[in-house]
1. Quickly rank 141-153, 91-103, 50-62 as a protection proxy: mean count of other C-beta atoms within 10 Å, highest first.
2. Using a 10 Å cut-off on Cβ atoms, rank the peptides 37-46, 104-113 from the highest mean neighbour count down.
3. Taking 7 Å along the Cα-to-C-beta vector as the label spot, tell me the His57-Asn5 distance in nanometres, rounded to one decimal.
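Nothing in this text is a laboratory measurement; each read-out follows from the coordinates by a stated rule. Keep in mind the model is a prediction, meaning the values are calculated, not measured. Glycine also receives a Cβ, built like all others from the backbone with ideal geometry; neighbour counts cover every protein chain displayed.
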Amino acid sequence: MHVVNYGDLAIKAKAKQEAAKLADERQTEPRRNPTAFFEEVEARIDEEMSVANVELHRRGMGTVGRNRLPSFGDKICLTYGLSNLCSVELDLKGGKCRIKAIISGPPNGYEISRKEYLFDHEAKHLNTLQAEEPGLLVAGYSAHEIAVDVLSCLIMGQFD
C-alpha cells in the first residue's frame, strides 16, 4: 500500500499554478517604447552629471561635459576632462533594443572600451548574460543604473 501526502502535492500544484500565472502576466505586460526609455536614460545622465561634477570640482578634478552636436541628435556625447569621450546611443538593429556606450580616448581617439545595455521585454527579469560578441556584458538595467554606470566608467576610463 502506497501512502500519498496530499499536503505536499497541494503545495507543489499551487507553486506550478503561480508560475504559470506569472508567465502569462509577463507575456501580457505592455512593452515600453525604446525611444522613450532612451530619453529617460538621457535625462538621468544629465542629473547624474550634475551630481558627479559637484564632487569632481570639489576635489579639483576635471568635470564631465556634454556636447550637443546637431548632426548627432540621437546620440549622447560625453567628455571627461580633455581625454575621454563616451558616445551613448540607442541601437534597434536585429530585433533587439540595446543602448550602446563606447569610450574613446588618447592617444589616438580609438575605442578603449564598450558596453551594451539590453533593453527589451525580458531585460528587467535578467541579471546578466553574455553578449554575442566576446567581452561585452549585456544586462537589464534601469535608466538610472545605466546613467550611473556610464558616468562612473567614463571617469575611470573603461567599462568593467
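1. Ranking, from highest mean packing down: 141-153, 91-103, 50-62.
2. In decreasing order of mean packing, 37-46, 104-113 become 37-46, 104-113.
3. 6.5 nm
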